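The structure under discussion appears below in the form of structure tokens.
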Amino acid sequence: MGTVTIEIDGVSLEAETGSMIIEIADDAGMHIPRFCYHKKLSVAANCRMCLVDVSNSPKAVPACATPVADGMKVLTNSTKARIAQKSVMEFLLINHPLDCPICDQGGECELQDVALGFGNDVSRFTEGKRVVQDKNIGPLIETDMTRCIHCTRCVRFGTEVVGMREMGATGRGEHMEIGTYIEKSIESEVSGNIIDLCPVGALTAKPSRYKARAWEMQSTAGVSPHDCLGTNIEIHHRRGEVIRVVPRENEKINEVWISDRDRFSYQSVTDSERLTQPKIKKDGQWQTCDWETALTHVCDQLNNIKQSEGVENIGALISPSATLEEMYLTQKLMRGLGSHNIDHRLRQVDFSSQFEAPMFPGMEFDIDALEDMDATLLIDADLRREQPLLALRLRKSTRHGRVMSVHSGEVENNFKVSPNVSVPASDLLAQLQGIVAALIEQHKEVSAELTELFVDIKPTPDQQTIASELRINDNACLLVGQSALEHSKSSHIRWLAKTISDLSGCAFGELTAGANTAGGYIAGALPHRLSAAEESNICGWNTQQMLQKGLSAYLLMNTEPELDSSYRDAARVSLLKSKFVVMMTPFAKGEFLDYADVLLPIAGFTETSGTFINVCGEWQSFTAAVKAKGEARPAWKVLRVLGNLLELDGFDYVSSQEINAAVKERFESTTDARVGHFQRPDSLESGGEKPRPLSMYDMDSLTRRSLCLQMSVQGQDNWRRDQIEHLVASQSLPETESPDSLINLSASSAESETASLQESSDA
Amino acid sequence: MANEVCFRTMHLDEPWTLEAYKSVGGYKVWRDILKNKTPANDIIEQLKTSALRGRGGAGFPTGLKWSFMPRGMPGQKYVVCNSDEGEPGTFKDRDILRFNPHQLIEGMAIGGYVMTATVGYNYMRGEFYEPFARMEQALKEAYDEGLLGKNILDSGIDFDLYNHMGAGAYICGEETALIESLEGKKGQPRFKPPFPANYGVFGRPTNVNNTESYASVPVILQHGGQWFLDLGIPNNGGTKIFSVSGHIKQPGNYEVAMGMPFKDLLQQCGGMRGDKPLKAVIPGGSSSPVLPASVMMDITMDYDAIGKAGSMVGSGAVMVIEEGTCMVELAARTAHFYYEESCGQCTPCREGTGWMSRVLHRILDGEGKIEDLDNLQDIADNIMGRTICALGDAAAMPMGGFLKHYKHEFEHMIRTGRRWVDDQQNAA
């Protein structure tokens, strides 16, 4: 690709051959009005707003669809261009309702903005305007289709980016309507992005409808707490209330998209019943108290149990989505007390290779490198459920490359996967062993021991294909999915995956649970390692041991083990049986009301500062967007005070940045421990099982409590619905939704939804 | 000098049969090409000499269009026949399909050979039940005769032809919308470039021509390009089928030489119905601007002359209008058609056609305002040249014609609420 020189409004610019005028102008910061053009979507050239005046062209041409040519002179503001732009603006406005005062998009509307520059004060149009019936496309997106200007961004997003053709245009001419044809809920897990894409108020966010005006809100940069990508978000809040969450552009991580749970899970902290004051259970009754009483009580009880039962009978479980600072202080607190029973690996079942694990599990390559892969092997990964935005990235790679998958259970991908091997969890190992065997066959220099180990295994044609694709392509990788780590033989799976990567030369990646598994490893929220992977001379209990064998006292850092861990039944028994459970949580409702003894109200994810380390090892810090509700405090502050009350050393941090700096210093001083060395086993294993994977909106305490997510199609499909529906945030049903339409959306859950609404208003 | 090209079987009984077509020399050219492997460039040269221009409406030189196809490019290429004859007033392709389908098949096969396309599609509009049946029958005959298929007559040349029926949208006559529709999508034009010659059906190089264009090819090659050119006048070669309709005695298709004076054509059609005086003519389908009688009676029927007069040959749909016809009503009817048929993709056409139609109907309803006329002209100008395809232009152009020649009728209706033609008649 060569470059050419073009001139836009007299400014000489270098441009890559084949690029469009609008891209060059955008790069140079010169504004050309547009509606249908979006840099992440294909060029439709249908709005005609970007018409510009190009030398040697008698007509004004669309800047979005006109490739640059050497010596081309473009005028974006000549009389010809201006007349063309104004005429298109007039056409766009004649059938637009101009109901800006009651439109949620008002103040951040592209049509409004452009109309200011290119519209007329008075309309020449005196005929009746077009009216379009609104469509009900589910609990996330509100439609006002009369406002639609038919730019088709939402349609193209579905077709091109998501790979689900949910929105489309029916009808011709003025009768053209955007919709789903047969009225239904949008099912995509990234559907909310069409709200941002829509340049007008046709598609707006249903949960935040009519809540605030764009200019009233302040914005705070945040990081999404849901998956290991560290999706960048922008939290919009007004007068201390979070109103909505929108994407923050980060080309390396989330481009311009966020998933629906990134966007709507804030409802859990704004609308669900929040714990606003510390509470102590006395004689089976919850009593509100002040912080001092609560924390003193916690210290006394912990000290008592330490005395009577021994410190090894105390343990802490931490949410994998807790911040680095929270993880670090929790483990510091426990280790200060003398206990090494600390874990954040709640869904893990097989801990046998924990000593061989790397500094932190993650991807050896950048997220954006995924779209350039020519061959990708997914090992038990369900990207759409676990890391939806990674699925969008990988989908891009299928334009030129190949994605292959070996998985257990049902996995639906939004891109072509071939071979797509689906086996029972017990056959997963055999599948991977087959791939290794195929690589050994194809490979020349393999150690005799390894060859010996796989000598009896005959690879299938699919395994042969996978092996050779990974080996032949320079740009190849494999990704071990989040749920592979829940497999009872996950250590063997990781070793096999690593061996496939080593033999084929493809890049290796592991996808992890929660937003901060990497942070958990680095902070030392592990029973066998201190922070920055320093070997601990004592190995405490892991999640499995803590929950199955039972402890006398638990500190639960923002986690509900009965829902978050793979040990639901054991967790309930152990927690109920234990003498003392401290629950640090932002929420007032949950099964913990039965088993906990003290509730410490902590800040929700929008209310605390902290750091998430993503799957690529990127440290992303954020500040609190709003103040925590009531007496709730950021967890790191609670832990700091608790540490001081327990008279432990090193709890004098005055800011989360200080804690971050302390961890970072330790992290940067260790280098040797970064690479994991999985030991070759003496023999090959087989079989194994996997707990049923959690549903998309049941993976963490936030999504469980977000009403709109639970009402969405995936939310309705939660297989643990009966266990979580009483948690759902229910204080504000979307206003336009009557119970009747709820029933339309899903007959099965509507009753329980209203029932839980009833409950909360009684409480 | 009539019925020499596309209608050359018309004088026979059952002119649509293979026998009838063979009796006038049909498939000779195709057999010849198969036998001698005539160089493609020679065929293109003949077409260029003939000055055959696209008969669908745009009038683009066919030989030149064929030369644009990347013939050397490997991979599948397509030839597509646009039989989605949707332009109001046009009905010539229907009669080619009904009465001389084999000539179209031969023309497309030759096109496939020249452009190294081994698959052809004949896209017919949704209303063409009878022509579709005729085409299917003709295809069967051609296949049975071994003139289509794989390794045709042991020549090593493949050509498969398929008939495809659209669903009746006017926009699908636009070549890229036709391609989208053929691919099974909503018929909406694509932005050009890339042109179909580079990115057409299923993303492959594709040549789209009108039925009459393809059907003219065998005859041109049989008699030579020069012969065809000499049928007409320089730069306007050959004959053209004019679909003459309106207030005349014998409406119908007339295949006549290019450059025939309009008044001769009118005479062939038996003259005006009821011998009323001629008021105006829409010479090339509803998209072409209307021309008043005074202009029409002096011009010849060819691209250059009609273009100079401010209109176009278009698809050759000659709509003859007698004195006493209300031009406001005609304008409103025309505008309504484009309002209904705009695909809705791009803004100026989607919004502008509806606006024009509404204003015109308001004028008809006696609610017109004098500034409406300036607005109408303005709307038309604002649509013109600002859309993805030519439908916007097609909607805008006639409006200019009506306002240019018959503004007084509009003004009269706005001022009085009555039709100008009625008041003229009453005064007389």
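Count neighbours as other Cβ atoms within 10 Å of each site's Cβ, and list the GluC sites (Glu not before Pro) in the stretch A:87-180 that are DSSP loop with at most 12 such neighbours. Qualifying residues, ordered by number: none. Straight-line cross-link reach from B:K407 at under 23 Å between alpha-carbon atoms covers these lysines, not counting any fewer than eight positions away in the same chain: B:K276, B:K279, B:K308, B:K369.
Working ranking of peptides B:296-308, A:247-259, A:414-426 by packing, defined as the average number of other Cβ atoms within 10 Å per residue, highest first, is A:247-259, B:296-308, A:414-426. If R0 is taken as 51 Å, the Cβ-Cβ distance between A:N304 and A:E410 corresponds to a FRET efficiency of 0.55. How much of the accessible area of chain A, probe 1.4 Å, is carbon plus sulfur, in whole percent? Heavy-atom surface of chain A belonging to carbon and sulfur, 1.4 Å probe: 48 percent. Projecting the Cα atoms of A:H492, A:L394, A:I472 onto the dipole axis of the stretch A:389-547, where Lys and Arg carry +1 and Asp and Glu carry -1 at the beta carbon, places A:L394 farthest toward the positive end.
Take the Cα of B:D422, go 7 Å toward its beta carbon, and the backbone nitrogen atoms of the stretch B:311-351 under 15 Å from that spot belong to B:324-330. What shape does chain A have by the C-alpha gyration tensor, where a ≥ b ≥ c are the square roots of the eigenvalues, rounded means a/c under 1.5, and otherwise prolate means a/b greater than b/c and oblate the rest? Here chain A falls in the oblate category.
So what is log10(I(q)/I(0)) for the stretch B:165-222 at q = 0.17 1/Å, when the Debye sum runs over its Cα atoms only? Summing over Cα pairs of the stretch B:165-222 leads to -0.59. Once C-alpha pairs closer than 8 Å and six or more residues apart are averaged by separation and normalised to the residue number of chain B, the relative contact order reads 16 percent. Of all lysines in the structure, the ones whose alpha carbon falls short of 19 Å from that of A:K184, not counting any fewer than 8 places away in one chain, are A:K135, A:K206.
Figure the gain on full extension for B:S294 and B:K308 (residue separation times 0.36 nm, minus the Cα-Cα span) and round it to one decimal in nm.
On the way: separation 14, 0.36 × 14 = 5.04 nm, distance 1.44 nm.
Gain on stretching B:S294 to B:K308: 3.6 nm.
Computed from the C-beta positions of A:W215 and A:K59 and an R0 of 41 Å, the FRET efficiency is 0.60 to the nearest 0.05. Taking chain B as a Gaussian network of alpha-carbon nodes connected by springs under 10 Å, the highest mean-square fluctuation of the residues B:I233, B:I220, B:I282 belongs to B:I233. Note: relative contact order over chain A, using C-alpha pairs below 8 Å and six or more positions apart, is 15 percent. The mean number of partner chain beta-carbon atoms within 10 angstrom of a residue's beta-carbon across peptide A:469-482 is 0.
Projected label points at A:Y181 and A:D134, each 7 Å from Cα along the beta carbon direction, are separated by 2.5 nanometres. Mean partner shielding of peptide A:142-153, defined as the number of other chain Cβ atoms within 10 Å of each residue Cβ, is 1. Taking 16 Å as the cut-off, no amide N atom of the stretch B:383-412 comes nearer than this to a point 7 Å along the Cα-to-beta-carbon line of B:E371. Look at the stretch B:377-389: the mean tally of other chain Cβ atoms within 10 Å of its residues' Cβ atoms is 4. Comparing B:V328, B:V217, B:V295 in a Gaussian network model of chain B where C-alpha atoms under 10 Å apart are linked, the largest mean-square fluctuation is found at B:V295.
Here the stretch A:256-315 is treated as a Stokes sphere of Kirkwood radius computed over C-alpha pairs; at 25 °C and 0.890 mPa s its diffusion coefficient rounds to 165 µm²/s.
Charge dipole of the stretch A:306-434 (Cα centre as origin; +1 on each Lys and Arg Cβ, -1 on each Asp and Glu Cβ, all else neutral): 240 debye, rounded to the nearest 20.
As a test, work out the antiparallel percent of DSSP beta bridges whose residues both lie in chain A, rounded to the nearest 5.
55
Taking GluC sites (Glu not before Pro) in DSSP loop states with no more than 16 other Cβ atoms inside 10 Å as exposed sites, chain B has its longest site-free stretch at B:184-322. Think of each Lys and Arg Cβ as +1 and each Asp and Glu Cβ as -1; about the Cα centre, that makes the dipole of the protein assembly as shown roughly 1780 debye.
Mind running the shape call on the stretch B:79-216? Use the C-alpha gyration tensor, a ≥ b ≥ c as the square roots of the eigenvalues: rounded below 1.5 for a/c, prolate if a/b tops b/c, oblate otherwise. Cα axes put the stretch B:79-216 in the oblate bin. In the calculated pair-distance distribution of the stretch B:282-428, the portion above 18 angstrom amounts to 56 percent of the Cα-Cα pairs.
Of the trypsin sites (Lys or Arg not before Pro) found in the stretch A:591-667, the ones in coil according to DSSP and having at most 16 other Cβ atoms within 10 Å of their Cβ are A:K627. Taking 7 Å steps out from each Cα toward its Cβ at A:A448 and B:D154 produces label points 6.7 nm apart. In this structure, A:E685 and A:K549 have a Cβ-Cβ separation that, at R0 = 22 Å, corresponds to a calculated FRET efficiency of about 0.35. Each Lys and Arg Cβ is given +1 and each Asp and Glu Cβ -1; about its Cα centre, the stretch B:239-322 then shows a dipole of about 200 debye. Assign one of three labels to the stretch A:373-498, namely rounded, prolate or oblate, based on the Cα gyration tensor with a ≥ b ≥ c the square roots of its eigenvalues; rounded applies when a/c is under 1.5, prolate when it is not and a/b is larger than b/c, and oblate otherwise. Since a/c reaches 1.5 but b/c is at least a/b, the shape of the stretch A:373-498 is classed as oblate. With the convex hull drawn around the C-alpha atoms of the stretch B:239-322, the volume per residue stands at 68 Å³. Over chain B, dividing the summed -39,500 (n - 2.57) contributions of all DSSP H runs of at least 4 residues by the number of residues returns a 222 nm mean residue ellipticity of -14000 deg cm²/dmol.
In this simple spin-label model, placing a label point 7 Å from the Cα along the Cα-to-Cβ direction at both A:I538 and A:F355 gives a separation of 1.8 nm. Taking every DSSP beta bridge that has both residues in the stretch B:18-231, what percent is antiparallel when rounded to the nearest 5? In the stretch B:18-231, approximately 10 percent of DSSP beta bridges are antiparallel ones. Interface B/A, total buried accessible area with a 1.4 Å probe, nearest 100 Å²? Buried surface at the B/A interface: approximately 2900 Å².
Find the Cα radius of gyration of the stretch B:161-314, compare it with 2.2 N^0.38 Å by division, and give the number to two decimals.
1.23
Based on protein heavy atoms only, the stretch A:367-510 ends up with 35 Å² per residue of surface accessible to a 1.4 Å probe. Applying the criteria of a DSSP loop state and at most 14 other Cβ atoms within 10 Å to the trypsin sites (Lys or Arg not before Pro) of the stretch A:108-201 yields A:K129, A:R165. The value of relative contact order for the stretch B:92-224, using C-alpha pairs under 8 Å at least six residues apart, is 27 percent.
The values are calculated or read from the model by the stated rules, or taken from the named source; none is laboratory data. Keep in mind that this is a model prediction, so the values were computed, not measured. No Cβ is skipped: glycine too gets one built from the backbone with ideal geometry, and neighbour counts run over all protein chains shown. Accessible surface is based on the protein model in full, side chains and every heavy atom, while ligands, DNA and RNA are left aside. Shrake-Rupley method; radii C 1.70, N 1.55, O 1.52, S 1.80 Å.
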